[in-house]
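Everything on this sheet refers to the single structure shown next.
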There are 2 protein chains.
Amino acid sequence: MAKVAEPIAPVIAVDRKASDPLHKQVYDGFRMVIVRGNLRPGQRVPSSRSLAVELGISRIPVLNAYAQLLAEGYFESRKGAGTFVSDSLPESLTVCKERTPQSAQVGSGPRPVARRGLLMTAERPPWARGFGAFGVHQPAFEHFPFQIWSSIVARHTRSPRLSAIHNIDALGTETFREAICTYLRTARAVHCEPNQVMIVAGSQQALEISARVLLGRGSSIWVEDPGYRLARNVFAGAGCNLIPVPIDEDGMIVSAGIKRCPKARAAYVTPSHQYPLGATMSAGRRMQLLNWAQSAGSWIIEDDYDSEYRFKSAPISSLQGLDRNARVIYIGTFSKVLFPSLRLGYIVIPEDLVGHFAAVRSAMDIFPPYLYQETITDFMREGHFARHIRKMRLLYGQRRTALVNSIRDQLGPELEIHGSQAGMHLAVTLPKGLSDQEIAARAAAKGLWLWPLSPSYLGKHTRQGLILGFGNTPVEEMPRAVSQLREHLR
Amino acid sequence: MAKVAEPIAPVIAVDRKASDPLHKQVYDGFRMVIVRGNLRPGQRVPSSRSLAVELGISRIPVLNAYAQLLAEGYFESRKGAGTFVSDSLPESLTVCKERTPQSAQVGSGPRPVARRGLLMTAERPPWARGFGAFGVHQPAFEHFPFQIWSSIVARHTRSPRLSAIHNIDALGTETFREAICTYLRTARAVHCEPNQVMIVAGSQQALEISARVLLGRGSSIWVEDPGYRLARNVFAGAGCNLIPVPIDEDGMIVSAGIKRCPKARAAYVTPSHQYPLGATMSAGRRMQLLNWAQSAGSWIIEDDYDSEYRFKSAPISSLQGLDRNARVIYIGTFSKVLFPSLRLGYIVIPEDLVGHFAAVRSAMDIFPPYLYQETITDFMREGHFARHIRKMRLLYGQRRTALVNSIRDQLGPELEIHGSQAGMHLAVTLPKGLSDQEIAARAAAKGLWLWPLSPSYLGKHTRQGLILGFGNTPVEEMPRAVSQLREHLR
């Protein structure tokens, strides 16, 4: 491995039948790719021997061309390292107008885009950019068992199972779906068999696929208000009619939904820990919702994004586990319990819909990547997953308590705290007259990441508040973080 | 790590205020989760100590409940290993009707599905299931440098860059986009800067996102006929009007497309190595296509799926590199050059469309997973990528020659060979009277994976033939594989 690898050869056309001699063609070819910016200053070029093989010509014309390119300063030779495009090309070459033909011409002629494509914006507000105290959905990376994890990853990278790397099942690998089933049946009382489980790239893709299968243009869907914006994006992108349904401390007010739109095609809910206000849906409301779905012939999309972490009460059953009519599409993610950049989640699909979900997924990205499926299967089977959840539940419980205490100490009467019984975030509502988005933008400029509450509302009755993640802030740093927060509220 | 990890606790509700004593509640809770199938025979249950902590009660009632469950045969104790749900539960329990409420009730009441969801089928024909000789899109896994690869993976798993695992950019990591740019500018003469590159889950997702941004219901799109079925699935799923355009040995016959639908919103092409017949689009046709796109205000989707491997001619420039009007969306994949279950590809997007692509991708699955982005960046920078391509080009060239020779030797006049100058597959057309789908189905039953050509056609002028992958069959095994093929043609 000591030898430096030959770089990729640039696209240079040589034609033995052309009138120009070969060395001139090679010289012109290099000049062209340099002038156009396809080869950049400082980039290594192939050895003359390797290029000659690549072009299927003898080495002599290549050597001649290289000599000329060196003499004229296009190339430079670095001892023992090879030949490079000169770092100091004359500016007239590198800013040549030919170099960026695209940007120069963009805009000429009609450039039509689909209406669906325009429904969404890539807007990324200032508070969504950072990493640190109060960042929402940020787990305690420093407590993740990267050593154990990487040893499992290594096992499946060094000598992968052929059946895993060749697995092209739209649902994912069988072993991983089995492991997820065992976990969900036990910890979430979900009713499922492996053939109902689909592995997806996080809960966002789960929502996207569910929307494709179940919802058409103009379908009505109940959404919690306030609710999870990225879910609303999916439904809006599918052309759905979003029906905001208010929530209270028992979760979605089902009767209000029935009043507003009794025949909605679906309801999207976060019953374990409502996002963002954190209520747990009561047993009565759960039965009401399930009964409505069965009588209206509707679907329920249950997003169980952070149910692993409950701090005071015993674990509760999923809505799916209470359903007797296979009306619930259950969605979970590894983003919170492991980490988000895995991009891995799952859907538990009613049996009669599995074929539809698989077809839509196949057209979307065919099947999920193999490595993390294998890794998490072992991580679960070997007990690391259960151990990690237990450890994190304790840790997040402490961080949660520290945050609640710091808020009470420093901001006592001003802020009302919501939904701190579970998960990795809580919400606070602000005194009258304060704008959460202004506060969040100001704080972001100082490196404090506060998510405003008001954009979570779809209807008119908007409250001003902040969504505060506590997963990523050690207990001992919490008082200081809260005092920074306090400064931005003044 | 010697200690066996505690399993996840099942969902058991205890209520101190209930009239039933706690030990009875725990006993009933376990009975219920076992009867319902949430805990399965042979599954380990938490230790009494750990469950007591989990439920927030003292250990005594848990011990009493466990003793009763053991006595009645629901649990069994295995020395040194813990307590388990009995392997030999009475059948009356495990096949209880309560256990699978979903399947029991599926079908009751209306179960509406979106029309879009019905447009696609999860059909998986017999020839798509196997792994071995002639399997299409199957690289030579045994020649992949898993040792080098896994050492790079390990580096990024054991101590990941925080900025990489926290990267939530819809385009992907900056470093990876830079590495891809350098490669594409050099090897494919693509005009690009990192801010135009989006990392996606394979070329299928690239097509899906492109369709979302550019095409609406009823938009017309030219597709090659015969062509790539999975691409057609995407456009059909988007509600597009597919215009089949015939191909010849110079690629898509642009004039035929102009005749049939001069104002199509887009054209989907595989100019480097037409799928499935393997033609390389000629320079004249390329200019014709680019000129049409500019004058019609249309887009070109260039799918450059296996351009790394050309066996006789010099590398050719991408269509995107010839475009002066930013009308080309360029799509590439690592599925062929590395392996498919990575699920990784990229799009080079015209600058003015980057925001739209990012918005659609965000709603679809937010951002790509971090690990392979980091891994391939290093794999490229350290020269392994270029070396692997060179090595595979030689290997596939030999396998291709062996296949062509074996076909000529054994099946000489019967089969016409198409498109063997590049890539990892070639096509043969069959003598009159043979049905490619029948042959493929029969061969699949015997473990030989032949893809029929005729389903690649959209229009009426269908030819019978076979698409033969040669990436995965060693030279010395080729004659035997071809003689197997011959048997199925008799």
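The values are calculated or read from the model by the stated rules, or taken from the named source; none is laboratory data. Small disclaimer: the values here were computed from a predicted structure and weren't measured. Reconstructed Cβ throughout: ideal geometry from the backbone, glycine too, with neighbour counts over all protein chains shown. Quick note on the areas: whole protein, heavy atoms, side chains included, nothing else; ligands and nucleic acids left out. Shrake-Rupley method; radii C 1.70, N 1.55, O 1.52, S 1.80 Å.
Once the label point is placed 7 Å from Cα along Cβ, list for B:Arg324 the distances to the corresponding points in the other copies, in nm, shortest first.
With the label placed 7 Å along Cα→Cβ, B:Arg324 yields 7.3 nm.
Treat every Asp and Glu Cβ in the stretch A:332-380 as -1 and every Lys and Arg Cβ as +1, leave all other atoms uncharged, and give the resulting dipole magnitude about the Cα centre to the nearest 20 debye.
I would put it at about 220 debye.
From the helices alone, meaning DSSP H stretches of at least four residues, give me the mean residue ellipticity at 222 nm for the protein assembly as shown, per-run term -39500 (n - 2.57), in deg cm²/dmol to the nearest 500.
-12000 deg cm²/dmol
Charges on Cβ only, +1 for Lys and Arg, -1 for Asp and Glu, centred on the Cα centroid of the stretch A:126-271; of A:Pro262, A:Ser159, A:Gly218, which one is farthest towards the dipole's positive end?
The Cα lying farthest towards the positive end belongs to A:Gly218.
Using a 1.4 Å probe on the protein heavy atoms, what percent of the accessible area of the protein assembly as shown belongs to carbon and sulfur?
Reported share for carbon and sulfur atoms: 53 percent.
Leaving out ligands and nucleic acids, and using a 1.4 Å probe, what accessible area per residue does chain B come to in Å²?
For chain B, the per-residue accessible area is 37 Å².
What is the Cα centroid distance between the stretch A:328-395 and the stretch B:149-202, reported in whole angstrom?
That distance is 24 Å.
Less than 20 Å from a label point 7 Å out along the Cα-to-Cβ axis of B:Asn241: which backbone N atoms in the stretch B:190-230 qualify, by residue?
B:211-225
Show me the ranking of peptides A:191-202, B:152-163, A:246-257 by mean Cβ neighbours inside 10 Å, starting with the highest.
Most protected by this proxy first, the peptides run A:191-202, A:246-257, B:152-163.
Pulled fully out, how much extra length does the chain show between A:Ile148 and A:Ser454, if you take 0.36 nm times their separation in residues and subtract their Cα-Cα distance?
In short, 106.1 nm is gained.
Under a point spin-label approximation (7 Å from Cα along Cα-to-Cβ), what is the A:Leu63-A:Gln484 distance to one decimal in nm?
6.3
Positive end of the dipole of the protein assembly as shown, charges at C-beta (+1 Lys, Arg; -1 Asp, Glu), about the Cα centre: which of B:Ala279, A:Phe385, B:Cys240 has its Cα farthest in that direction?
The listed residue farthest towards the positive side: B:Cys240.
Compute the label zone of A:His461 within the stretch A:218-239: residues whose backbone N is under 20 Å from the point 7 Å along Cα-to-Cβ.
A:221-229
Across peptide B:159-169, what mean number of C-beta atoms from other chains lies inside 10 Å of a residue's C-beta?
Whole-number average of other-chain Cβ neighbours for B:159-169 is 4.
Does anyone have the angle between helix A:146-158 and the longest principal axis of chain A? Alpha-carbon axes, 0 to 90°, nearest 10?
Helix A:146-158 and the main axis of chain A meet at about 50 degrees.
Looking at this model, which pairs from A:Lys312/B:Lys24; A:Lys17/B:Lys432; A:Lys263/A:Lys336; B:Lys24/B:Lys79; A:Lys312/B:Lys79; A:Lys336/A:Lys460 are more than 29 angstrom apart at the alpha-carbon?
A:Lys17/B:Lys432; A:Lys263/A:Lys336; A:Lys312/B:Lys79; A:Lys336/A:Lys460
Only four residue types carry charge here, +1 at the Cβ of Lys and Arg and -1 at the Cβ of Asp and Glu. Report the dipole size of the protein assembly as shown about the Cα centre in Debye, rounded to the nearest 20.
Dipole about the Cα centre, nearest 20: 360 debye.
Residues of the stretch B:173-190 with the amide nitrogen closer than 16 Å to a label point 7 Å from the Cα of A:Arg124, along Cα-to-Cβ, please.
Answer for this model: B:173-178.
Answer with one residue from A:Ala179, A:Pro139, A:Ile316: the one whose Cα lies farthest towards the positive end of the charge dipole of chain A, charges on Cβ with Lys, Arg +1 and Asp, Glu -1.
A:Pro139
What does the copy distance list look like for A:Asp248, label position 7 Å along Cα→Cβ, in nm and ordered from shortest?
When each copy's label point is compared with this one, the spacings are 7.6 nm.
Packing-wise, with mean Cβ within 10 Å as the measure, how do A:263-274, B:124-135, A:315-326, B:351-362 rank, highest first?
Top to bottom by mean Cβ count within 10 Å: A:263-274, A:315-326, B:351-362, B:124-135.
Students sometimes get this wrong: rank A:Lys432, A:Lys446 by accessible area, probe 1.4 Å, all chains present, largest first.
A:Lys432, A:Lys446
Could you report the buried accessible area between B and A, both sides summed, computed with a 1.4 Å probe and given in Å² to the nearest 100?
Interface between B and A: roughly 11200 Å².
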